[in-house]
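For reference, the structure discussed in these notes is given below.
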Amino acid sequence: MAEAQRRKWDRKQTLNPVDYVILGEDGVFLSRGMGRTHDVSEGGLFLETHRALKAGEEVLITLGLKDAMVRLRGRVVRLVPATSEYRHCAGVKFTYMNKDDRVTLKNFIGAS
């Protein structure tokens with residue numbers, strides 16, 4: 001099956017700043033970092049960071065979108081090793097986002 005057919009949401013190719021917190025068991029703070037998106041959808045984002053994340057890690061993300069910021073929770077579901085072109089990259093699937101942040105994100109993705 002082609003990858004485009006598997007996707008539930010359209011992606012927006014965009015570079016946006018991200019602040020993230022990695023959570024351990026029981027939501028315990030493990031570490032914090034910064035990165036940037038390569039693309040964003042209503043269901044997740046592709047994140048570039050300076051250090052490797054681990055599959056299954058839970059992350060709290062603050063995502064800068066033009067004149068707004070959204071806060072969400074997600075889980076690392078895909079890893080891409082660092083290359084000469086990119087640092088460490090990870091696919092993050094959203095697991096929680098409040099209603100207002102969801103509307104803000106949806107409007108950002110729908111904007112040209």
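The values are calculated or read from the model by the stated rules, or taken from the named source; none is laboratory data. Just so it is clear, the model here is predicted, and its values are computed rather than measured. When we count neighbours, we look across all protein chains shown, and the Cβ atoms used for this are built from the backbone with ideal geometry, even at glycine. Protein only, heavy atoms only, side chains kept; ligands, DNA and RNA dropped before computing areas. Shrake-Rupley method; radii C 1.70, N 1.55, O 1.52, S 1.80 Å.
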Once phi for every residue in the range 45-50 is put through the Karplus expression 6.51 cos²θ - 1.76 cosθ + 1.60 (θ = phi - 60°), the whole-Hz ³J(HN,Hα) values, with Gly and Pro written as x, are 8, 10, 10, 9, 10, 7
For the range 15-112, shape from the Cα gyration tensor axes a ≥ b ≥ c, cut at a/c of 1.5 then a/b versus b/c, turns out oblate
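Of all the accessible heavy-atom surface of the chain, with the other protein chains kept in place and a 1.4 Å probe, what percent is carbon and sulfur?
On the way: 3620 of 7210 Å².
Result for the chain: 50 percent of the exposed heavy-atom area is carbon or sulfur.
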Calculated from DSSP helices alone, with each H run of at least 4 adding -39500 (n - 2.57) and the total divided by the residues of the chain, [θ]222 nm to the nearest 500 comes to -4000 deg cm²/dmol
Among Lys54/Lys99; Lys66/Lys93; Lys12/Lys93; Lys66/Lys106, the pairs whose Cα-Cα distance exceeds 19 Å are Lys54/Lys99; Lys66/Lys93
If every Lys and Arg gets +1 and every Asp and Glu gets -1 at its Cβ, then about the Cα centre the chain yields a dipole, in debye to the nearest 20, of 200 debye
Each label sits 7 Å from Cα toward the beta-carbon; between Met34 and Val80 the label points are separated, in nm, by 2.2 nm
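Could you work out the longest stretch of the chain that avoids the chymotrypsin sites (Phe, Trp or Tyr not before Pro) located in DSSP loops with at most 14 other Cβ atoms within 10 Å?
Numbers: sites that count: Trp9, Tyr86.
Formally, the longest exposed-site-free interval is 10-85.
Rounded to the nearest whole Å², what accessible area per residue is found for the chain with the 1.4 Å probe? Before the final figure, lay out the partial values.
Numbers: 7210 Å² over 112 residues.
Dividing the accessible area of the chain by its residue count gives 64 Å².
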Sites removed, the longest contiguous part of the chain containing no DSSP-loop trypsin sites (Lys or Arg not before Pro) with at most 11 other Cβ within 10 Å is 67-112
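Grab the beta carbon distance between Trp9 and Thr62, set R0 = 22 Å, and tell me the FRET efficiency rounded to 0.05.
On the way: r = 20 Å, r/R0 = 0.92.
Efficiency for this residue pair is about 0.60.
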